[in-house]
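The values are calculated or read from the model by the stated rules, or taken from the named source; none is laboratory data. Worth saying up front: this structure is predicted, and the values here are computed from it rather than measured. Neighbour counts run over all protein chains shown; Cβ positions are idealised from the backbone, glycine included. To get the accessible areas, we keep the full protein, side chains included, count just its heavy atoms, and leave off ligands, DNA and RNA. Shrake-Rupley method; radii C 1.70, N 1.55, O 1.52, S 1.80 Å.
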Amino acid sequence: MNFNLTEEQLMIRDTARQFAEEELLPGVIDRDELEEFPHEQIRKMGELGFMGMMVPEQWGGSGLDAISYVLAMTEISKIDASAAVVMSVNNSLVCWGLNEFGSTLQKEKYLKPLASGQKLGAFALSEPNAGSDASNQATVAVRNGENWVINGAKNWITNGQNADLYLVFASTDKVNKSHGISCFVVEKNAPGFSVLKKERKLGIRGSDTCSLGFTDVVVHQSAMIGKEGDGFRIAMQSLDGGRIGIASQALGIAKGALERALNYSKERKQFGQEISNFQAIQWKLAEMAMQTDAAELLIMRAASMKDEHKKYSRESAMCKLYASRNAVQVALEAIQIHGGYGYVKEYHVERMLRDAKITEIYEGTSEVQHIVIARDLIKNGY
Ligand code: CAA
């Protein structure tokens, strides 16, 4: 693994940092309070090439590597984890799968507008009874001539009401369980498709999380991504990459909280001196920095392996598990260092704690990450 970032990677990081500070920071507290989607900011992120970072330029993307994606995701997440999850889902769960498994026609029709930021995508896998047990799909797609008719419900769908295109997973052959799931693109205006409910959440309140309904939604065979029965594999491989994105989100939250705590500790005076002089605070800062660096190294390893086209399921599960746990711990400690100020909105760290918690849940809970790591260890050794 190369620890030196290229000129291009440094430029991506700096562009994302500047954008986050100038365009995301000013309204982040209000968007959280009002549960407001960052429409204008996401549009600008599309213009900067952040919505299809790893998609080849030919298909509207930026043609960058996974390391660049990690760097940009981290910078955006330091300031606004809600905008970051919108970006993450579009990049790693929607564009990646379309680029990897889509036909030329599908890339032209669906991938180009998504990767260039003209349209937004959502990934509709989870259901009321298919969360961790993702292959237990109750949504069905039944063949009718050249078409498929989809019926069912999805929930916890990021970008649920703001997306234009949905990657929808449905059972096309109940008997074959995980091998009987297929993946379709459903457009928002498809008759029978509806957004059922927008959730009211603890954190990432600037992003929308919705349940979706499908009542006799008809899609043409040409909207199937990959082959019939490929859906579960497409979902799992997309989630391998998605978990790097969410780990980067967690890393950004941790870095943001650590930077704020560090700055505050150097300004805040008690007992006649800066609180950074006290060993109790120093130990906290040292732990926070060490764990955050460890999370970053795990993420960079997984991203490098992805860039080298190696199998990286175990490594992406490890980095998500570690980085998400660390984000919660660092945000908690950042509040503690801020004392009472950490408990109020102006100081940002209370939001960072609320935003951090979801990184231990979505794109596979911490318990699921343990399963992925352990199964791989048992099968392939350490
Ligand atoms: N890559 C390729 N293939 C894979 C794979 C991977 N990473 N993981 C599993 N598969 C294959 C297996 O090899 C297996 O194929 P064979 O039968 O041919 O061997 C098949 O898929 C079934 O695999 P498992 O037997 O391991 O499946 P399982 O039912 O035991 O489930 C699981 C395993 C890891 C628990 C999986 O269900 C899982 O990851 N669950 C969590 C789902 C999740 O992350 N949901 C997040 C929703 S998206 C979201 O949160 C997005 C958002 O909006 C932010």
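Extension gain for Glu7 to Glu367 (0.36 nm times residue separation, less C-alpha to C-alpha distance): 125.8 nm. Within the assembled protein chains, the solvent-accessible surface assigned to Arg43 is about 100 Å², based on a 1.4 Å probe. Its relative contact order, with pairs defined as Cα atoms under 8 Å and 6+ residues apart, puts the chain at 17 percent.
The Glu187 and Glu33 beta-carbon pair, evaluated with R₀ = 41 Å, returns a calculated FRET efficiency of approximately 0.80. For Lys379, the aspartates and glutamates whose Cα comes closer than 15 Å to its Cα, not counting residues fewer than 8 places off in the same chain, are Glu315. Between helix 231-267 and the chain, what is the angle of the helix's C-alpha long axis to the longest principal axis, kept within 0 to 90° and rounded to the nearest 10? The helix 231-267 is inclined about 20 degrees to the chain. Look at the alpha carbon pairs under 8 Å that are at least 6 residues apart: their mean separation over the length of the stretch 34-101 gives a relative contact order of 28 percent. Applying D = kT/(6 pi eta Rh) to the stretch 39-141, where Rh is the Kirkwood radius over alpha-carbon pairs, T corresponds to 10 °C and eta to 1.306 mPa s, the Stokes-Einstein value obtained is 112 µm²/s.
Here the ratio of the Cα radius of gyration of the stretch 135-249 to 2.2 N^0.38 Å is 1.08.
Computed from backbone phi with θ = phi - 60° and the Karplus coefficients 6.51, -1.76 and 1.60, the 3J(HN,Hα) list for the stretch 30-45 is 5, 4, 4, 4, 8, 6, 9, 6, x, 3, 5, 5, 5, 4, 5, 5 Hz; x is used for glycine and proline. Qualifying chymotrypsin sites (Phe, Trp or Tyr not before Pro) in the stretch 242-350, where qualification requires a DSSP coil assignment and no more than 13 other C-beta atoms within 10 Å, comprise Phe271. Within straight-line reach of Lys227, meaning a Cα separation under 17 Å, sit the following aspartates and glutamates at least 8 residues removed in sequence or on another chain: Glu100, Glu146, Asp173. With each label modelled as a point 7 angstrom along the Cα→C-beta vector, the Gln336-Glu146 pair spans 6.4 nm. Dividing the mean sequence gap of close Cα pairs (under 8 Å, 6+ apart) by how many residues the stretch 232-380 holds gives a relative contact order of 32 percent.
Averaging 1/r over each pair of different alpha-carbon atoms in the stretch 232-380 and inverting the result gives 16.0 Å, the Kirkwood hydrodynamic radius. Under 19 Å of direct C-alpha separation, and excluding same-chain neighbours fewer than eight residues apart, Lys269 reaches these lysines: Lys284. Placing a pseudo-label 7 Å from each Cα along the Cα-to-Cβ vector at Tyr343 and Thr215 gives an inter-label distance of 4.8 nm. Taking Cα atoms only, the orientation of helix 313-338 departs from the longest principal axis of the chain by about 40 degrees.
If you wrap the stretch 1-89 in the convex hull of its Cα atoms and look at it from every side, the mean projected area works out to 5.9 nm². Largest GNM mean-square fluctuation across Glu23, Glu75, Glu296, computed for the chain with C-alpha springs under 10 Å, falls on Glu23.
The phi-based Karplus calculation (6.51 cos²θ - 1.76 cosθ + 1.60; θ = phi - 60°) puts the 3J(HN,Hα) values of the stretch 20-25 at 4, 6, 7, 10, 9, 4 Hz, whole numbers, x for Gly and Pro.
Taking every protein chain into account, the 1.4 Å probe leaves Asp208 with about 0 Å² of accessible area, to the nearest ten.
Angle of helix 349-358 to the longest C-alpha principal axis of the chain, folded into 0 to 90 degrees and rounded to 10: 30°. Among beta bridges identified by DSSP and lying wholly in the chain, the antiparallel ones come to about 85 percent. Only protein heavy atoms count here; under a 1.4 Å probe, Asp65 has an accessible surface of about 50 Å². Full extension of the segment from Ala374 to Val175, taken as 0.36 nm per residue of separation minus the current Cα-Cα distance, would add 68.9 nm. In nanometres, what is the gap between the two model label sites at Lys201 and Lys227, each 7 Å from Cα along Cα-to-Cβ? The two pseudo-label positions are separated by 3.6 nm. Calculate the tail of P(r) for the chain: the fraction of all Cα-Cα distances greater than 33 Å, expressed in %. Result: 28 percent of Cα pairs exceed 33 Å.
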